[in-house]
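The block underneath contains the structure these notes are about, expressed in structure tokens.
FYI, it's all coordinate maths here, none of it is from the lab. Remember, it's a predicted structure, so these values are computed and weren't measured experimentally. We place every Cβ from the backbone using ideal geometry, glycine too, and count neighbours over all the protein chains shown.
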Amino acid sequence: MNGSHFNRHGVWAIYRFEMARAMRTLWQSLVTPVITTSLYFVVFGSAIGSRMTEVGGVSYGAFIVPGLIMLSLFTESLSNASFGIYFPKFTGTIYELLSAPISSFEIVLAYVGAAATKSIVLGLVILATATAFVPLTVAHPITMVGFLVLTATTFSLFGFIIGIWANSFEQLQFIPMLVITPLTFLGGAFYSIEMLPPVWRTVTLFNPLVYLINGFRWSFFGNSDVSVEVSLMVTLGFLGACLVAVWWTFKTGYRLKT
């Protein structure tokens, strides 16, 4: 049933529907991160920043900004994309979607594109909020935007996979709450991994989120705990793994057609 040409109307319809869902809760979507970011600056910036003034030549207040943005980006991308595809499964409308003249690539593009768009906007809102608390300059703006888009897309794909895998709302929350949030905090979002004892530093390097956070931090300050090339390679590797998983899901119909 899928046509050989690109169904841009179908993609746009799904994308617009997903964005409209976000617009209905726009106030909560924007106010919540602003309040959360402000609280992080009050707690981390004031309480810890007064004792630890600089990290790697950067003021502690500015140092935590990339970590804050990444923390929100990870969780928002996952929740937006996972809920976006889980809800049609939950209501049974997924079958209409699968039988429509739209390819699996176009379905993924629409859902992941909408989730990534929402996350990127949120990241920029948090960045704007942060500038009200600390003086901030971005050393490599193009790299910063690149990492922002790449991370939002990768985690939206990952969220899409979780949405297909989940059989309940509890399972939908399981990975973001019990895996991603702890890994973010253990990944150097609010501290330099150079501060850790050698053994823990080595263990931390097995955490993929370390590379995403440090690549993004490098784009701000021109230095990080991990080289930007390694960060980019790990991020692209994670993106590739998510693409393969999504392709396999549609090829086998795993939890989509049963």
Just wondering, is there one or more residues in the range 69-87 that are in contact with a helix residue (DSSP H, G or I) (Cβ under 8 Å, 6 or more places away or on another chain), among the charged types (D, E, K, R) and exposed (fewer than 13 other Cβ atoms within 10 Å of the Cβ)?
-> no
Which ones in the range 125-141 are in contact (Cβ under 8 Å) with a residue 24 or more places away in the chain and assigned to a helix (DSSP H, G or I)?
-> Val125, Ile126, Leu127, Thr129, Ala130, Pro141
Cβ-Cβ under 9 Å pairs, at least 6 apart or on other chains, the range 7-18 side on the phi < 0 side of the Ramachandran plot, far side among the hydroxyl-bearing types (Ser, Thr, Tyr) = Asn7/Ser103; Gly10/Ser103; Ile14/Tyr111; Tyr15/Tyr111; Tyr15/Thr117; Glu18/Tyr111; Glu18/Thr117
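Can you tell me which residue is surrounded by the fewest Cβ atoms within 10 Å (Cβ to Cβ) among those in the range 97-124 that are assigned to a loop (DSSP other than H, G, I, E, B) and not aliphatic (A, V, I, L, M)?
Step one: filter the range 97-124 for residues assigned to a loop (DSSP other than H, G, I, E, B), giving 100-103.
From the residues that got through so far, the ones that are not aliphatic (A, V, I, L, M) too are 101, 103.
On the way: Pro101: 11, Ser103: 19.
Among those that are assigned to a loop (DSSP other than H, G, I, E, B) and not aliphatic (A, V, I, L, M), it is Pro101.
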Among the residues listed as Val149, Val138, Val203, Val145, the single one being in contact with a helix residue (DSSP H, G or I) (Cβ under 6 Å, 6 or more places away or on another chain) and either buried (at least 20 other Cβ atoms within 10 Å of the Cβ) or among the aliphatic types (A, V, I, L, M) (or both) | Val138
From the residues in the range 206-258 that are small (Gly, Ala, Ser) and assigned to a helix (DSSP H, G or I), which one is farthest from Ser192 (Cα to Cα)?
-> Ala245
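On the given criteria, is Glu194 exposed (fewer than 14 other Cβ atoms within 10 Å of the Cβ) and touching a Gly at 6+ places or on another chain (Cβ under 8 Å)? Can you show your working first?
Details: exposed (fewer than 14 other Cβ atoms within 10 Å of the Cβ): yes; touching a Gly at 6+ places or on another chain (Cβ under 8 Å): yes.
Criteria met by Glu194.
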